[in-house]
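To start, the structure itself, in structure tokens.
The values are calculated or read from the model by the stated rules, or taken from the named source; none is laboratory data. For clarity, every value in this text was computed on a predicted model and none was experimentally measured. Every residue, glycine as well, gets a Cβ built from its backbone with ideal geometry; the counts of neighbours run over all protein chains shown. Areas reflect the complete protein model, heavy atoms only, side chains present, ligands, DNA and RNA absent. Shrake-Rupley method; radii C 1.70, N 1.55, O 1.52, S 1.80 Å.
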Amino acid sequence: MSKRITPFASQYCSTLDRLKEAIRRKRPGLLRRGVVLQHDNATPHSANLTQQWLQRYDWEILPRPAHSPDLAPSDLHLFGPLKRHLGGMAFETEDDLISELRNWFDNLDVDFFRVGINSLLSRWQTCIDLHGDYVEK
């Protein structure tokens, strides 16, 4: 399968540029030590343009088996609490929803993210122990 340039790859690389700039501003030492990024095999992530971007900045990709939502931090740790928070709410406009989402994220404690990342490590080990088989929640 050829890895072609897609409009979404260009958009994804722009997102990576913004991420790199945010890391540079907020955690400058991290860029010098190296960035490890986890993403799936979606077309924008595996496109030549994206691979070139990642090589240019020497970012490492944490490999992930295809179709493994059980190993995605967002599925595992983020969406449940977010769904509970938003449960029963109704929004008049998209801007109202975005405002509520920003408020929720701004009020999360750093430990919320630490717990999610640490649980990912044990789930990865379980996946390795199961020789790549599905990891139940």
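Restrict the check to segment 113-127 and report whether at least one residue is within 24 Å of residue 10 (Cα to Cα) and modelled with pLDDT under 90. No, segment 113-127 has no match at all.
When 49, 101, 76, 31 are screened for being more than 15 Å from the chain's Cα centre (by Cα), assigned to a helix (DSSP H, G or I) and at pLDDT below 85, only 31 passes. For segment 35-46, does any single residue satisfy the condition of being of a type in the set (Ser, Thr, Tyr), within 29 Å of residue 130 (Cβ to Cβ), modelled with pLDDT under 90 and open to solvent by 60 Å² or more (accessible area, probe 1.4 Å)? Yes - at least one qualifying residue is present in segment 35-46. Sort out which residues of segment 52-70 are in a helix (DSSP H, G or I) and at pLDDT below 90, and write them in order of number. Hits for segment 52-70 are 69, 70.
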